[in-house]
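In what follows, a single structure is set out as structure tokens and then discussed.
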Amino acid sequence: GYDTSQFRDCNVSSRSLSPRTMPSSSQAGNTVDDGEDDENEKSNSHSDFDFNSDSDCISESSSSTSSDDDWEVPVLPLKSAAVDIETDWAVGNWNKRFQEIITRMSLLSRDDPEQGELNQKLLQLSQDFVNSSEMYGRIIILERYLEPRGDQGLRLSNGEPRVFKTINSMNLGGQAGGDKYVVNNILFKFAVDRGLFGSDSAAAKAAGNELRGLTNYFNLGEGSLHVPLMALVDYMGFRLIALSLLPIDENTLRYGSADAGLTVRCDHEGIRALMREAASELNLCPHVCGVDPTSSQVLYSAADVEGHLGTDGRIYLVDFSRAFPPTSLDARFFHGHLYQVFRPEFVRRYEKPLCPDAFSGFVQLDPLRRDYDLVINQATRFLLKNVVPNVANELKWAMIEAENTQSLHRVHIPELLHGSGVNLRYIGYVLRCSHHRNSQIFLLVEALSRVIKNRFRKCLRERMKKLKLPLEAPYRVLTVDFFNLVFGDSIESEQYWKEELTSDLRFYFYVDEKQEKIVEALAESQGQSSEIHLCNLRALLSSKLDGAGVFGRFLLFQRLKLMCGVRFSSTTESKFSSFTMGSPLTQLDIERIGCRVKHMNIIEMAQGTFLFDKATRDEALSVDERRRLLVAAIPKYENALETDPNNREINLYLAECWCKVQELSIVPGQDFDPQHPVVIRAEQYYYRAISAAHKRHYVEIRLKYASFLEKCGPSRRERAETQYIGALEHSPNHLQGLLCYANFLRAYKQEPDLAALFEQRVQLIQAVSKTADGSHPQLRCPDDPVSRARQRRSLALTRNQDFKVDRLRLSLNLPRK
């Protein structure tokens with residue numbers, strides 16, 4: 001790691017990957033950037049466009065189609081009068097504020113009233129960090145090729161004035177990431193290649209993997225593991241990594257390796273236990289790491305995930321770019337195992353734990369290293385042979401539902417694929433399994449937009465390297481020329497599609513050149529061919545969605561303007577709804593080349609939770625006001641879900657939002673209609689929350705789902721009872737579960753005697769918890785109330801669920817019927 005001792009108690013150790021992590025055999029070839037690090041655009045990702053069913057045109061929408069979705073989180077005064085504003089808002093006091101808020105939140109229950117105040121603090125902090133990262137990041141990128149300010153004269157030898165950097169780089173060591181800068185206690189480093197990845201675009205992808213890995217470790221909810229605040233700043237073709245400085249240095253390392261495996265640490269029992277638990281949740285297998293037999297250790301993560309015991313006593317994790325295992329090696333890509341990794345959603349669901357250090361030199365001393373590689377290859381085949389066809393089928397039905405409800409603008413390919421654990425670079429495999437025209441067009445647009453985006457960024461980098469000065473006009477000219485090349489009908493445009501884009505699509509997204517056709521013919525083409533083949537890929541621009549009358553040209557433009565960060569004038573949209581055009585854009589169409597910032601999803605999460613808490617806890621609000629707040633919270637959670645589609649907590653919040661929206665829309669006490677769209681949406685999110693739940697949260701979610709099913713009327717109450725029983729099987733002494741099931745038995749099953757037994761058990765648990773040792777073995781003594789009640793009556797819980805009831809009886813120490 002690089003030396004940051006000069007920052008004393010606000011340091012960060014973020015060592016980049018070393019060539020020692022490479023496989024022993026060289027993998028020469030090209031590098032791929034499928035753009036997957038950009039899969040989750042925060043702004044308008046679900047509302048990029050609206051389809052006008054009465055016209056062939058599509059009009060651009062704002063972030064939402066209703067005023068409820070434009071609701072902004074108000075900044076309210078904090079309730080605590082004891083807050084020292086100058087200390088709490090000290091410039092750059094990012095880590096201290098962040099860790100104190102997160103630690104306090106982890107100690108409180110989800111329903112604690114203090115969570116609202118803490119969410120507001122977290123929202124303010126994260127917004128400040130993102131804004132600071134964007135502000136300084138733009139300056140650093142624009143000044144990349146300027147001279148550092150030093151003792152030079154103010155003029156060149158020819159008399160021209162010198163132009164200096166306003167923010168000088170610092171020598172902090174490290175092998176990848178290029179120059180590093182520290183501003184306002186934020187560490188910035190360029191995600192550029194220094195020979196490790198093979199290209200700058202591959203280095204940018206590794207940076208995207210780092211943000212994803214950090215987010216997944218953070219979302220484990222383990223309060224004793226701490227991570228820095230992080231953001232990625234994309235501007236003028238470059239990517240900057242922004243990290244809050246941490247109170248760590250080379251002397252605080254307790255876990256992992258900071259020198260490419262020469263020295264491996266795992267000598268802190270607390271960190272080891274936490275990483276073992278994290279590996280269990282993420283489905284990562286332990287393995288021997290190190291290149292020196294005298295210092296090798298068994299680790300539960302990638303070897304270069306570092307665990308530090310900070311000078312403030314907290315445990316910090318850094319360096320997450322290889323947090324998840326690589327997919328099978330592809331010899332065409334230079335060191336692809338460093339950045340072509342499985343999606344975390346797939347890793348968690350796979351039947352076997354996977355090794356994040358597979359194919360690397362870190363496991364050269366592990367006798368099972370070949371087994372790790374074999375399991376990775378098996379997992380990749382399973383992904384392509386089993387998961388991908390299922391995803392294609394799910395996409396088909398999602399598309400059909402969107403067509404029937406006129407909500408195609410809500411179809412988001414990255415979220416659909418990532419939710420099932422499929423990487424976007426495998427779009428070609430999904431295309432081969434898809435036989436639904438609109439699905440094929442959306443998939444093709446998604447892949448092409450990423451190919452074009454990467455080429456656009458490369459052009460910006462090359463122009464900046466040539467000009468060196470922080471100007472904007474030359475880049476506006478470049479942007480106009482580039483978009484005209486893509487969307488125009490010139491000979492150069494046709495050649496560009498036929499040679500460049502077609503080649504990239506085939507190479508980077510595994511689109512099979514032998515595939516007979518990529519997109520099916522339009523149903524109402526009236527004899528005119530509307531198929532799309534790889535040899536006539538440009539036909540996508542003039543192709544229409546089946547039944548929607550929308551041109552592929554417009555779909556591609558909408559995705560590109562969002563992914564490239566270019567802001568166009570309001571009149572530009574109409575130019576892309578026509579069938580043909582020459583050079584559609586001029587410089588007057590471009591308002592600005594924007595700066596895009598990707599960050600942890602805590603901002604959207606905090607915004608949604610603030611609105612949710614306000615709606616559910618403020619009794620002074622009217623029904624309409626509460627419903628409006630809940631509706632405004634939903635898109636916030638949906639945006640947060642994009643970076644982590646299987647996040648248990650976010651899915652649960654969304655389920656409860658939809659459930660409460662329905663509650664406020666009907667007469668109090670009335671049952672839900674199970675076929676109502678809002679009820680269906682709520683149940684879908686409950687399913688996702690249950691499937692993503694770890695054993696620590698399993699009971700809580702099933703109880704909430706059971707309560708929801710209770711409200712869906714008699715047809716769903718048998719299923720509600722199944723959920724209650726399942727929760728109690730898992731945790732027989734869960735107080736809330738016992739009470740909820742007792743109330744359920746009284747209200748809906750008319751079995752007060754049986755309900756009384758569960759209530760007696762609650763009283764017994766409460767009595768035991770007040771004893772000195774708080775032990776629960778007393779619950780099973782022959783003289784406890786449940787045993788006496790059992791002798792008086794044989795419990796009748798069967799109701800066509802004998803097997804489950806027997807399991808429940810065993811868990812409650814009750815005899816089988």
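The values are calculated or read from the model by the stated rules, or taken from the named source; none is laboratory data. Just so it is clear, the model here is predicted, and its values are computed rather than measured. As a convention, Cβ positions derive from the backbone with ideal geometry for all residues, glycine included, and neighbour counts pool all protein chains shown. Surface areas here come from the heavy atoms of the whole protein model, side chains and all, with no ligands, DNA or RNA. Shrake-Rupley method; radii C 1.70, N 1.55, O 1.52, S 1.80 Å.
Can you pull out the helices (runs of 4 or more DSSP H) entirely within segment 405-488 that have at least 3 residues that are out of contact with any Pro (no Cβ under 9 Å at 6 or more places or on another chain) and open to solvent by 10 Å² or more (accessible area, probe 1.4 Å)?
Fully inside segment 405-488 and qualifying: 437-467, 473-487.
Let's see how each residue does on (1) of a type in the set (G, A, S); (2) surrounded by 21 or more Cβ atoms within 10 Å (Cβ to Cβ); (3) modelled with pLDDT under 95; (4) on the phi > 0 side of the Ramachandran plot:
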position: Q175; (1), (2), (3), (4): no, no, yes, no
position: D179; (1), (2), (3), (4): no, no, yes, no
position: N184; (1), (2), (3), (4): no, no, yes, yes
position: G198; (1), (2), (3), (4): yes, yes, yes, yes
position: T215; (1), (2), (3), (4): no, yes, yes, no
position: G221; (1), (2), (3), (4): yes, no, yes, yes
position: S224; (1), (2), (3), (4): yes, no, yes, no
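Looking at the structure I just gave you, is G307 at positive phi, of a type outside the set (D, E) and open to solvent by less than 10 Å² (accessible area, probe 1.4 Å)?
In short, no.
Hydrophobic (A, V, I, L, M, F, W, C), open to solvent by less than 30 Å² (accessible area, probe 1.4 Å) and within 23 Å of I413 (Cα to Cα): is that true of L562 in this structure?
Criteria met by L562.
A quick yes/no check of all residues on (1) modelled with pLDDT of 85 or more; (2) hydrophobic (A, V, I, L, M, F, W, C); (3) open to solvent by 10 Å² or more (accessible area, probe 1.4 Å):
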{"site": "T572", "(1), (2), (3)": "no, no, no"}
{"site": "R592", "(1), (2), (3)": "yes, no, yes"}
{"site": "M605", "(1), (2), (3)": "yes, yes, yes"}
{"site": "T609", "(1), (2), (3)": "yes, no, no"}
{"site": "E625", "(1), (2), (3)": "yes, no, yes"}
{"site": "P635", "(1), (2), (3)": "yes, no, yes"}
{"site": "A640", "(1), (2), (3)": "yes, yes, no"}
{"site": "N647", "(1), (2), (3)": "yes, no, yes"}
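Considering only segment 673-687, I want to know if a residue exists there that is open to solvent by 20 Å² or more (accessible area, probe 1.4 Å), over 31 Å from the mean Cα position of the chain (by Cα) and of a type in the set (K, R).
no
Among the residues of segment 694-704, write down those that are buried (at least 19 other Cβ atoms within 10 Å of the Cβ) and in contact with an Asp or Glu (Cβ under 8 Å, 6 or more places away or on another chain).
Answer for segment 694-704, where residues must be buried (at least 19 other Cβ atoms within 10 Å of the Cβ) and in contact with an Asp or Glu (Cβ under 8 Å, 6 or more places away or on another chain): just K704.
Which residues, taken from segment 98-116, are closer than 16 Å to S224 by Cα and either touching a Ser or Thr at 6+ places or on another chain (Cβ under 7 Å) or in a helix (DSSP H, G or I) (or both)?
Listed by number, the residues that qualify are F98, Q99, E100, I101, I102, T103, R104, M105, S106, L107.
Considering segment 244-281 alone, what residues qualify as being part of a strand (DSSP E or B) and of a type in the set (G, A, S)?
Selection gives S244, G256.
Kindly list, by first and then second residue, each pair from a residue in segment 189-206 that is closer than 19 Å to I140 by Cα to a residue that is open to solvent by 30 Å² or more (accessible area, probe 1.4 Å) and not in a loop (DSSP other than H, G, I, E, B), limited to pairs with Cβ atoms under 7 Å and residues at least 6 apart or on different chains.
These pairs meet every condition: V192/D200; D193/D200; D200/R461.
Has segment 354-375 got any residue that is modelled with pLDDT of 95 or more, out of contact with any helix residue (DSSP H, G or I) (no Cβ under 6 Å at 6 or more places or on another chain), within 19 Å of Y426 (Cα to Cα) and open to solvent by 30 Å² or more (accessible area, probe 1.4 Å)?
Scanning segment 354-375, I find no residue that is modelled with pLDDT of 95 or more, out of contact with any helix residue (DSSP H, G or I) (no Cβ under 6 Å at 6 or more places or on another chain), within 19 Å of Y426 (Cα to Cα) and open to solvent by 30 Å² or more (accessible area, probe 1.4 Å), so the answer is no.
Enumerate the pairs (first residue in segment 601-621 and free of Cβ contacts under 8 Å to residues at least 60 places away in the same chain; second residue anywhere and of a type outside the set (D, E, K, R) and not in a helix (DSSP H, G or I)) with beta-carbon separation below 8 Å, excluding pairs fewer than 6 apart on the same chain, so at least 6 apart or on different chains.
Listed pairs, sorted by first residue: A615/L621.
Given the conditions (1) surrounded by fewer than 18 Cβ atoms within 10 Å (Cβ to Cβ); (2) β-branched (V, I, T); (3) closer than 30 Å to M105 by Cα, report the number of the one that V631 does not fulfil.
Tallying (1) surrounded by fewer than 18 Cβ atoms within 10 Å (Cβ to Cβ); (2) β-branched (V, I, T); (3) closer than 30 Å to M105 by Cα, V631 fails exactly one: (1).
Checking I241 against (1) open to solvent by less than 20 Å² (accessible area, probe 1.4 Å); (2) part of a loop (DSSP other than H, G, I, E, B); (3) among the aliphatic types (A, V, I, L, M), which single condition isn't satisfied?
(2)
Could we say that I271 is surrounded by fewer than 19 Cβ atoms within 10 Å (Cβ to Cβ), of a type in the set (A, V, I, L, M) and over 25 Å from D504 (Cα atoms) here?
For I271, the condition - surrounded by fewer than 19 Cβ atoms within 10 Å (Cβ to Cβ), of a type in the set (A, V, I, L, M) and over 25 Å from D504 (Cα atoms) - is not met.
Just one of V264, V288 is surrounded by fewer than 21 Cβ atoms within 10 Å (Cβ to Cβ) and farther than 30 Å from K466 by Cα; which is it?
So the residue among V264, V288 that is surrounded by fewer than 21 Cβ atoms within 10 Å (Cβ to Cβ) and farther than 30 Å from K466 by Cα is V288.
Mind listing just one residue for me: the one in segment 574-585 that is surrounded by 12 or more Cβ atoms within 10 Å (Cβ to Cβ) and out of contact with any Gly (no Cβ under 6 Å at 6 or more places or on another chain) and, of those, modelled with the highest pLDDT?
Applying the filter and picking the extreme gives L585.
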